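Here is the structure we will look at, set down as C-alpha cells.
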Amino acid sequence: MSVLVLLEQRGELKPCALEAASAARDIAAAAGMPLNAVYIGQSLEGQEGKLAGYGIAKVYAYEHASLSHYSNDAYVPIVRDVARELDAKVIIGSATALGKELCASVAARLGVELAQDAIGAAWAGGLVAKKPLYAGKVLADVTIQSVPAMVSLRPNSVQAAPQDGPAPEIEKRAMPEVSLRSVLKETAEATAGKVELTEAKIVVSGGRGVGGPENWHIIENLAEAMGAAVGASRAVVDAGWVHHALQVGQTGKVVSPDIYVACGISGAIQHQAGMRTSKIIVAINKDPNANIFKLCDYGIVGDLFEVCPALAEEVRKVRA
Ligand SMILES: Cc1cc2nc3c(=O)[nH]c(=O)nc-3n(C[C@H](O)[C@H](O)[C@H](O)COP(=O)(O)OP(=O)(O)OC[C@H]3O[C@@H](n4cnc5c(N)ncnc54)[C@H](O)[C@@H]3O)c2cc1C
C-alpha cells in the first residue's frame, strides 16, 4: 500500500510537481502509507535536491530522450504499471493540460475515480478532494471511493512546502517497449519567453474595457511592473486583440495565482470560472456596479487608462 505522486516536467521539474508532492506527503503521513513518485522525462539528473523534504521514499525515474515530450502512448502504461506494482491506494497528479490528460487516461485504464482539477486534497479515512463546481461558485468536498483514488491538483492551489528531510532514492528504470502512434517533435509556445499563465503567482488580465489592441500595452506594462503573466477575457480574444492562449475562463485557462488583477473586465460567470480561486482579486473598472466588484478583495472604481499606468509606476518604485 502506498501513495504515488506524478512528477511533471518540461525539461525541468515543474513547480506543480512539488506542489503535488507537498499534498501527497501530507496525505501519506495521515494515511500511514509510504510515498513514492514516478518521473517520466529526458533526465532527472541534477534535480534530485529539489525533491528533498517531501517525504518521497523512492522516485521511479523513466528517463529517455524520446520521453522528454508528453506522449499518451508512452506515459499512461508506465504510470498504470507503477501504480499496480506499488499497490498505490492514492495517486496525485497535476491539473495542467498535460496532467489532466495523463490522469484521465490512467484513471480510465485502471477503472478508477478521478477528481480532476481539485484545489486541495486530504486524507480522512479515504481521499477527500476539494473541487470547485458550478464555475467555482461551490466548493465541494468529494470523497473518492475507488482504490486507487486519484486526484489532479490545480497549479498554485497547494503550496510547495519542503520540510527537513533527505532527497529521495532514485531508481532508474528502462523505458518499456511501446509502439508510439504519434510522436511530438516540437512544441512552440504562443506566449514563449513570458511567464506561463497557469503557473504565474500574479496575473494581470485585460478585458473589453481596454478599448482595442492599440491599448493592450497598458496591460502588458502593468504586468511587467508586477512580474506577472498577462491574461485576457474572451471578449478580447474573440475580437482578435490577443491570442487565445491568454484567455482566462470557462473556455480558456483556469488560473489560481496569489494575485489576479482584472482590468476593464465585467466579471461574467464564465470569466469567473477561470479565476475565482485566485487568492487575492483586484478589480479596476469604471462601472461601480460591475459584477467583478462582488467578487474582488480590492476594487478600484476608475478609468483603467489612468489607474493602470499609475499603479505600474508605484509598483516599480516599491520593487526598486
Ligand atoms: C459558453 C460561453 C463560454 C464563455 N467562456 C468565457 C471565458 O472562458 N472567458 C471569458 O472571459 N468569457 C467567456 N465567455 C464570455 C462572457 O460571458 C463575457 O461575455 C466576457 O467575459 C466579457 O468580457 P469582458 O468582461 O472583457 O467584457 P464586458 O462584459 O464588455 O466588460 C467590459 C468592462 O470594462 C469596463 N470598462 C470599460 N471601459 C473602461 C475603462 N476605461 N476603465 C475601466 N473599466 C472600463 C466596463 O465597465 C465593463 O465592466 C463565455 C461565454 C459563453 C456563452
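The values are calculated or read from the model by the stated rules, or taken from the named source; none is laboratory data. Not measured: the values here are computed from a predicted model. Here the Cβ is made from the backbone with ideal geometry for all residues, glycine too, and neighbour counts use every protein chain on show.
Which numbered condition in (1) under 16 Å from Val204 (Cβ atoms); (2) among the basic types (Lys, Arg); (3) within 23 Å of the chain's Cα centre (by Cα) is the only one that Arg319 fails?
Result: Arg319 passes all but (3).
Inside segment 4-28, can you point out the residues that are within 27 Å of Lys185 (Cα to Cα) and in a helix (DSSP H, G or I)? Write out each step before concluding.
Pass one, segment 4-28, residues within 27 Å of Lys185 (Cα to Cα): 5-18.
Pro15, Cys16, Ala17, Leu18 - these are the residues of segment 4-28 that are within 27 Å of Lys185 (Cα to Cα) and in a helix (DSSP H, G or I).
Are there any pairs with C-beta distances below 8 angstrom linking a residue in segment 222-237 that is within 17 Å of Ala320 (Cβ to Cβ) to a residue that is assigned to a strand (DSSP E or B) and within 8 Å of the ligand (Cβ to nearest atom), with the two at least 6 apart or on different chains, and if so which?
Between residues of segment 222-237 that are within 17 Å of Ala320 (Cβ to Cβ) and residues that are assigned to a strand (DSSP E or B) and within 8 Å of the ligand (Cβ to nearest atom), the close pairs are Leu222/Cys263.
Quick one: which of Ile27, Ile40 is β-branched (Val, Ile, Thr), closer than 19 Å to Ala118 by Cβ and crowded, with 21+ Cβ neighbours inside 10 Å? Before the answer, list the steps.
Working: Ile40 fails: closer than 19 Å to Ala118 by Cβ.
Matching residue, one of Ile27, Ile40: Ile27.
Here's the yes/no breakdown for (1) crowded, with 22+ Cβ neighbours inside 10 Å; (2) under 25 Å from Ala149 (Cβ atoms):
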{"position": "Ala23", "(1), (2)": "yes, yes"}
{"position": "Asn36", "(1), (2)": "yes, yes"}
{"position": "Gly49", "(1), (2)": "no, no"}
{"position": "Lys58", "(1), (2)": "no, yes"}
{"position": "Glu63", "(1), (2)": "no, no"}
{"position": "Ser71", "(1), (2)": "no, no"}
{"position": "Pro77", "(1), (2)": "no, yes"}
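Return the residues of segment 80-115 that are of a type outside the set (A, V, I, L, M, F, W, C), free of Cβ contacts under 8 Å to residues at least 40 places away in the same chain and either at negative phi or touching a Gly at 6+ places or on another chain (Cβ under 9 Å) (or both); say none if nothing qualifies. Talk me through it step by step, then tell me what you get.
Applying the first criterion (of a type outside the set (A, V, I, L, M, F, W, C)) to segment 80-115 yields 80-81, 84-85, 87, 89, 93-94, 96, 99-101, 105, 109, 111, 113.
Okay, now just the ones that are also free of Cβ contacts under 8 Å to residues at least 40 places away in the same chain, so 80, 84-85, 101, 105, 109, 111, 113.
If the condition is that a residue be of a type outside the set (A, V, I, L, M, F, W, C), free of Cβ contacts under 8 Å to residues at least 40 places away in the same chain and either at negative phi or touching a Gly at 6+ places or on another chain (Cβ under 9 Å) (or both), then Arg80, Arg84, Glu85, Glu101, Ser105, Arg109, Glu113 are the ones that fit.
Quick one: how many residues across segment 162-214 are acidic (Asp, Glu) and modelled with pLDDT of 95 or more?
Going through segment 162-214, the residues acidic (Asp, Glu) turn out to be 164, 169, 171, 177, 186, 189, 196, 199, 214.
From what is left, the residues that are modelled with pLDDT of 95 or more are 169, 171, 214.
So the answer is 3.
Please work out which residue is nearest to Glu196 (Cα to Cα), limiting yourself to segment 224-262 and to residues that are of a type in the set (A, V, I, L, M, F, W, C) and near the ligand (Cβ under 7 Å from one of its atoms). Working first, answer last.
First pass over segment 224-262, keeping only residues of a type in the set (A, V, I, L, M, F, W, C): 225-226, 228-230, 232, 235-237, 239, 241-242, 245-246, 248, 254-255, 259, 261-262.
When the remaining residues are screened for being near the ligand (Cβ under 7 Å from one of its atoms), the result is 235-236, 248.
Values: Ala235: 21, Val236: 19, Val248: 12 Å.
My answer is Val248.
Would you check which residues across segment 160-193 are among the aliphatic types (A, V, I, L, M) and exposed (fewer than 13 other Cβ atoms within 10 Å of the Cβ) and list them?
The first filter runs over segment 160-193 and keeps only residues among the aliphatic types (A, V, I, L, M), leaving 160-161, 167, 170, 174-175, 178, 180, 183-184, 188, 190, 192.
Once the filter is applied, which keeps residues that are among the aliphatic types (A, V, I, L, M) and exposed (fewer than 13 other Cβ atoms within 10 Å of the Cβ), segment 160-193 yields Ala174, Leu180, Val183, Leu184, Ala188, Ala190, Ala192.
Confirm whether Val138 is modelled with pLDDT of 95 or more and either of a type in the set (Lys, Arg) or assigned by TED's automatic domain parsing to the domain that holds Val76 (or both). Quick ask: steps written out before the conclusion?
Working: modelled with pLDDT of 95 or more: no; either of a type in the set (Lys, Arg) or assigned by TED's automatic domain parsing to the domain that holds Val76 (or both): yes.
Spelling it out, it is not the case that Val138 is modelled with pLDDT of 95 or more and either of a type in the set (Lys, Arg) or assigned by TED's automatic domain parsing to the domain that holds Val76 (or both).
Let me confirm something: among Ala121, Ala104, Ala129, Ala149, which residue is over 22 Å from Met33 (Cβ atoms) and small (Gly, Ala, Ser)?
Only one candidate passes the filter, namely Ala104.
Out of the residues in segment 287-304 that are within 31 Å of the chain's Cα centre (by Cα) and within 14 Å of Gly206 (Cα to Cα), which is nearest to the ligand (Cβ to nearest atom)? It would help to see each step written out before you state the result.
Step one: filter segment 287-304 for residues within 31 Å of the chain's Cα centre (by Cα), giving 290-301, 304.
Filter once more, so that each one left must be within 14 Å of Gly206 (Cα to Cα): 292, 304.
Numbers: Ile292: 7, Leu304: 4 Å.
Only one residue fits best here, namely Leu304.
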